[in-house]
Protein chains: 2
Amino acid sequence: MSRNLLLISTSTTHGTGYLEHAEQEVRSLLEGKSSVLFIPYARPGGISHKDYTAKAREAFEQWGISVTGVHEYDDPVKAVNEAEAVFIGGGNTFVLLRNLYASKLIKPLQERVQKGMPYMGTSAGTNVAGKTIGTTNDMPIVHAKTFDALQLVPFNINPHYLDPIEGSTHMGETRETRIAEFHHHNRQPVVGLREGSMLRVKGDKIELLGPLTARIFLQSQKPMEFKPGDDIAFLMEAY
Amino acid sequence: MSRNLLLISTSTTHGTGYLEHAEQEVRSLLEGKSSVLFIPYARPGGISHKDYTAKAREAFEQWGISVTGVHEYDDPVKAVNEAEAVFIGGGNTFVLLRNLYASKLIKPLQERVQKGMPYMGTSAGTNVAGKTIGTTNDMPIVHAKTFDALQLVPFNINPHYLDPIEGSTHMGETRETRIAEFHHHNRQPVVGLREGSMLRVKGDKIELLGPLTARIFLQSQKPMEFKPGDDIAFLMEAY
């Protein structure tokens, strides 16, 4: 498989502009491309497809890359089939996945990615690149007929991964507890991707990028921390 | 409708034991009853039905009320139909709702509640008393064929409601933002029930109990704070 993926935890880190912290990695992913198809389905804060696409366009135009929103096409499948690259932005993961199915984009995206089309995601767009959306942080504000996602990689991702807050008096579950519960019902690995971190996948090779470590959860094992540069190839062999 | 409900945000507040902060309200709900049927389906932390029931039993036995777990019966529907009162404990809301449907308990619970059987819930058990589970904080670790819940009340509940953390550098959505997104797709009111708060419903009357205010979200309106004793009857007229 000639996958070429950039899976970003968050579009915006504290104190930096939209996609700013990932500029180098985004430009490297899209080297030689002049356009990207943006999928605005996740609608963060409920904004319109048009407004969300304008936001993405503003960032990419600085880098000489033009952006079209998939909603601008009569035939979204054709849009994906003809795209040079695809970017799925963050927002609500349930709304996103539901719309990917409703627009019949799951298979076309899988096929194009398999043949090497660059794919990038932020937050919900990174979550749906995994096996299922079962490790999203989002509220289930709309129903999705299945939680099976794009499965561009054979594991799950928890974007915006958050460490337990020391001294917290809140009784809601920590992120780590939630992922442990996930592993009572599911076997695939989960990558807790902190804000500022990215996964770069080329073919069967995977690399952690950004300044932080990532927390990786395997069923029935203690969570492990991996630094950028560490060998995390086992993730690509998950089933 | 002769509803008799106690909907508790969390079983355990910081620094108190299991159900301790709600003891007075639980005993008042169950006045004159000698047993309660416990539904342990939400399995917090993945614990077994047996262990979870033992935990509930320990609390109720101090108050002279016996507890049986619904999993101890061959026929869970019959168990609900013959129960003096039902308590659904917290854990994962998706796991809970899926099991309520799988065990065909939705309708029997609705019918018994309608006829006045006392119902209490904590956390996920409070969430499923609402219209849908669309405002749960939990991870979707298993799929549910619908998010429609028990609809014992005509609004949604967000248990463990959390105010934005001042000075936080985390870019994930606040609870308030998530609920605003919910209202882009759904019209029913949402009650943000802080840890320590409870809703007491008798017939068509509703009351906020506990030491804190609750944050109530109506579609297209600014969130509002209500104190215990305030008139929140409009919640029962939602559709």
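The values are calculated or read from the model by the stated rules, or taken from the named source; none is laboratory data. All figures in this text were calculated on a predicted structure; none of them were measured in a lab. No Cβ is skipped: glycine too gets one built from the backbone with ideal geometry, and neighbour counts run over all protein chains shown. These accessible areas exclude ligands, DNA and RNA; they are computed on the full protein's heavy atoms, side chains included. Shrake-Rupley method; radii C 1.70, N 1.55, O 1.52, S 1.80 Å.
Built from the Cα atoms of region B:128-182, the convex hull projects on average onto 4.6 nm², one quarter of its surface area.
From most to least packed by mean Cβ count within 10 Å, the peptides A:123-131, B:35-43, A:145-153, B:10-18 give A:123-131, B:35-43, A:145-153, B:10-18.
GNM remark for chain A: springs join alpha carbons under 10 Å apart, and the peak mean-square fluctuation among A:Asn156, A:Asn186, A:Asn92 falls on A:Asn186. B:Ile206 contributes an accessible area of around 20 Å² to the protein surface, as traced by a 1.4 Å probe with all chains present. A:Asp231 exposes around 120 Å² of accessible area when a 1.4 Å probe is run over every protein chain in place. In this view, the solvent-accessible surface of B:Arg187, computed with a 1.4 Å probe and all protein chains in place, comes to about 140 Å².
Along the charge dipole of chain A, Cβ charges K/R +1 and D/E -1, which of A:Leu6, A:Ile165, A:Gly116 sits furthest on the positive end? Value: A:Gly116. As a quick test, which of the pairs A:Lys131/A:Lys202; B:Lys55/B:Lys205; B:Lys145/B:Lys222 have an alpha carbon distance above 23 angstrom in this structure? In this structure, B:Lys55/B:Lys205; B:Lys145/B:Lys222 exceed 23 Å between Cα atoms.
Ordered from longest to shortest, the equivalent ellipsoid semi-axes for chain B are 27, 19, 18 Å, each the square root of 5 times a Cα gyration tensor eigenvalue. Here region A:4-237 carries DSSP beta bridges of which approximately 50% are antiparallel, counting only pairs with both residues inside.
Largest mean-square fluctuation among A:Asp138, A:Asp74, A:Asp204, in a Gaussian network model of chain A whose springs join Cα atoms under 10 Å apart, belongs to A:Asp74.
Note on exposure: A:Met139, B:Met236 ranked by accessible area (1.4 Å probe, complete protein assembly) read B:Met236, A:Met139, with the most exposed listed first. Bridges between two residues of the protein assembly as shown, per DSSP, are antiparallel at a rate of about 50%. With its label point defined 7 Å out from Cα along the Cα-to-Cβ axis, A:Gly32 lies at 8.0 nm from the matching points of the other copies, in increasing order.
Dividing the Cα radius of gyration of region A:125-239 by its Kirkwood radius returns 0.95 for Rg/Rh. Is any residue of region A:93-137 close enough, with backbone N under 11 Å, to a label point placed 7 angstrom from the Cα of A:Asn81 along the Cα-Cβ axis, and if so, which? Within reach of a label on A:Asn81, which here means backbone N under 11 Å from a point 7 Å along Cα→Cβ, region A:93-137 contributes A:108. Distance from the B-onto-A rotation axis is smallest for the Cβ of the chain B residue given, in whole Å, as B:Pro140, 3.
Summing Lys, Arg as +1 and Asp, Glu as -1, what charge do residues with Cβ under 13 Å from the Cβ of B:Ala124 carry, B:Ala124 excluded? Around B:Ala124, the charge tally is 0. The three principal axes of the Cα atoms in region A:171-224 give end-to-end lengths of 35, 24, 14 Å, sorted in falling order. Other residues whose C-beta falls under 10 angstrom from the C-beta of A:His143 contribute a net charge of +2, scoring Lys and Arg +1 and Asp and Glu -1. Projecting 7 Å from Cα along the Cα-to-Cβ direction, the label point of B:Gly46 sits 3.7 nm from its equivalents in the other copies, listed shortest first. Computed about its Cα centre, the charge dipole of region B:4-237 is approximately 500 debye, with only Lys, Arg, Asp and Glu carrying charge at their Cβ. Distances between copies at A:Glu166, taken between label points 7 Å from Cα along the C-beta direction, are 2.1 nm in increasing order.
In order along region A:25-38, the phi-based Karplus estimate (6.51 cos²θ - 1.76 cosθ + 1.60, θ = phi - 60°) of 3J(HN,Hα) comes to 6, 5, 5, 5, 4, 9, 3, x, 9, 10, 8, 9, 8, 9 Hz; Gly and Pro are listed as x.
Take the alpha carbon atoms of region B:23-59, find their center, do the same for region B:106-139, and report the distance between the two centers in whole angstrom. Rounded to whole Å, the Cα centres lie 14 Å apart. In the protein assembly as shown, the convex hull through the Cα atoms has an average projected area of 22.2 nm², a quarter of its surface area.
The equivalent ellipsoid of region A:1-108 has semi-axes of 20, 17, 14 Å, largest first, where each one is the square root of 5 times an eigenvalue of the Cα gyration tensor.
Once the Kirkwood radius over Cα pairs is known for region B:61-154, the Stokes-Einstein relation at 20 °C and 1.002 mPa s delivers a diffusion coefficient of 157 µm²/s.
Eigen-decomposition of the gyration tensor built on the alpha-carbon atoms of region B:144-208 gives equivalent ellipsoid semi-axes of 25, 17, 10 angstrom, largest listed first. The GNM of chain A, with springs linking C-alpha atoms under 10 angstrom apart, assigns the highest mean-square fluctuation among A:Val80, A:Val142, A:Val190 to A:Val142.
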